[in-house]
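K.L.:
Okay, here's the structure, questions in a sec.
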Amino acid sequence: MKRYTTLFILIIFATLLSACRAAAPAETEETVLPPTTVASRIITEGRLEPVQYADISFSASGIVDEVLVVEGAEIEEGEILARLENIDLLEMDLKNAEDELERAEAAILTEVADAYKALRVAQQILDEYSIPSEFDGMTPAEAAEAMLIKVNEARDDFEPYWGYDNPRGYIKDLEDAVEDAWADYNQALIWMNRETNVATAKIRLAQAQEDYANLLAGNDIAAQRNLSVAENALSNAQLWAPISGTVANLNIKVGERVNMGQASAIIADFSSWLVKTTDLTELDVVNIAEGQIATITLDAMPESPLTGTVLSIGQTFSESQGDVVYEVTIALDETNPAMRWGMTALVEFAE
């Protein structure tokens, strides 16, 4: 009996030992957890960045001659951060182009005034002309053509008697007819010439007015084009701030060569902040809407949660560890002096 009891105890011990070995956990690789949905809340991760910032670079290649700011400096929009060499020459070119434009502008204005004067004088001379009754119902050109026909007819009639020393009677009448026809023809030419002068003056004035309009609009004036070239050359040789803010990064030194488009500085406005999500999946993004309230907790400042509002939801996607993810931008309602660009944030959306 005792032997059976001992055997029974050994069987139970072996069973328990086998069960303990089976329950031992297997070693597994660490995985990144996706956004979590907890009791009607969506929690994801994001990055902190300023609402407005700009990566800036020179628009020309050259040697840096001056650096006028340091990292951390507060600057205003349009302020110059650095300059390349040969600025003096570029400034001289700009001054010459400005002088050239001033001369061109003065010439155009003078031409407009002269053209007005020429038209007034031509019109006055035309108005003073007394149109002969023979020209009634005709234009100057028609009158000249008609009078030329009369001249030719009168000359043909008088031709047989040409050369008479002292023409009288009928021959004298033919000679007078030739002279009268020539006089009428000359009057028609005078009329036509005065009309032509008025038309020419009008064309001149129209051209002057067009040049003046182009001057005001900045179009098609060679001097203005030269000025634009000079302005661009000077601007390209200077690194200027497109926005007001802080010099967050400065990557240039005096004496070094920079290439056109080479990243030289970053200007950021740290007065307001955004958080952009990095792993919001397609299953969760459908539950997010613009204007929705979110709570943001920075890893570096867990004791100071912030609030924000969904500003935009990305229309395109990216892939992260096999998941389709979307970027959602949240505008923070608050700020803190301890905030730094790129800080990790935990974003919690309340449904």
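Just so it is clear, none of the values below were taken in a lab; they were calculated from the coordinates. Just so we're clear, the structure is a prediction, and the values are computed from it rather than from any experiment. Heads up, the Cβs are rebuilt from the backbone with ideal geometry, glycines too, and the neighbour counts pull from every protein chain shown.
K.L.:
Could you work out how much longer the chain between S320 and A350 gets when fully extended? Use 0.36 nm per residue separation minus the Cα distance between them, nm to one decimal.
P.N.:
So the extension gain works out to 8.4 nm.
K.L.:
In Å, what is the Rg of the alpha-carbon atoms in the chain, and how long is Dmax?
P.N.:
46.6, 187
K.L.:
Here's a follow-up. Using a Gaussian network for the chain with springs between C-alpha atoms less than 10 Å apart, which of these wobbles most: G137, G46, G308?
P.N.:
Comparing G137, G46, G308 in the GNM, the peak value goes to G137.
K.L.:
Nearest 10 degrees, 0 to 90: what angle lies between the long axis of helix 87-127 and the longest principal axis of the chain (Cα atoms)?
P.N.:
Once rounded, one gets 40 degrees.
K.L.:
Take F317, F135, F349 and order them by how many other Cβ atoms sit within 10 Å, fewest up front. Could the numbers behind the result be given before it?
P.N.:
Working: F317 14, F135 18, F349 24.
Ranking F317, F135, F349 by Cβ neighbours within 10 Å, fewest first, gives F317, F135, F349.
K.L.:
Need the list of lysines near K172 for cross-linking: C-alpha distance under 19 angstrom, and skip anything on the same chain fewer than eight residues off.
P.N.:
Result set, ordered by chain and number: K150.
K.L.:
At 0.36 nm per residue, and after removing the present C-alpha to C-alpha distance, how many nm does the segment from A106 to S235 gain when stretched out fully?
P.N.:
43.8 nm
K.L.:
To make sure I understand, if each residue's beta carbon is the centre and we count other beta carbons within 10 Å, what order do Y164, Y212, Y326 fall in, fewest to most?
P.N.:
On the way: Y164 13, Y212 17, Y326 20.
Lowest to highest Cβ neighbour count: Y164, Y212, Y326.
K.L.:
Set Lys and Arg Cβ to +1 and Asp and Glu Cβ to -1, take the dipole of the chain about its Cα centre, and tell me which of N251, T335, N152 lies farthest positive.
P.N.:
Value computed over the given set: T335.
K.L.:
To the nearest 0.05, how large is the calculated FRET efficiency for D114 and S59 if R₀ is 35 Å and r is the Cβ-Cβ distance?
P.N.:
About 0.25, to the nearest 0.05.
K.L.:
Here's something else I'd like to know. Under a straight-distance cross-link criterion of Cα-Cα below 17 Å, which lysines are reachable from K202, leaving out those fewer than 8 residues away in the same chain?
P.N.:
K117
K.L.:
How high is the FRET efficiency from T196 to E142, r the C-beta distance, R0 25 Å, rounded to 0.05?
P.N.:
Once the sixth-power term is evaluated, E becomes 0.95.
K.L.:
Along the Cα→Cβ direction, 7 angstrom out, place labels at Y161 and A338. What is the inter-label distance in nm?
P.N.:
According to this spin-label approximation, the distance is 12.6 nm.
K.L.:
If you don't mind, there's one more thing I want to ask. Once amide H atoms are built 1.01 Å from N in the peptide plane, which residues 5 or more positions from A60, or in another chain, come under 5 Å H to H?
P.N.:
G261
K.L.:
Looking at the chain as a GNM with Cα springs under 10 Å, which of E145, E159, E327 has the largest mean-square fluctuation?
P.N.:
E159
K.L.:
OK, next. Taking 0.36 nm per residue of separation and subtracting the Cα-Cα distance, what length does fully extending S271 through M301 add?
P.N.:
9.0 nm
K.L.:
Of the residues P140, P160, P302, which exhibits the maximal mean-square fluctuation in a Gaussian network model of the chain defined by a 10 Å Cα contact cut-off?
P.N.:
Result for the chain, Cα springs under 10 Å: P160 fluctuates most.
K.L.:
Sticking with this one: What are the ³J(HN,Hα) couplings of the stretch 189-206, residue after residue, when phi is run through the Karplus curve with 6.51, -1.76, 1.60 and θ = phi - 60°? Round to Hz, x for glycine and proline.
P.N.:
5, 4, 4, 5, 5, 5, 5, 5, 4, 5, 4, 5, 5, 5, 5, 4, 5, 4
K.L.:
Select from the stretch 156-243 those trypsin sites (Lys or Arg not before Pro) which occupy a DSSP coil region and have at most 16 other Cβ atoms within 10 Å, ordered by residue number.
P.N.:
Those satisfying the criteria are R168.
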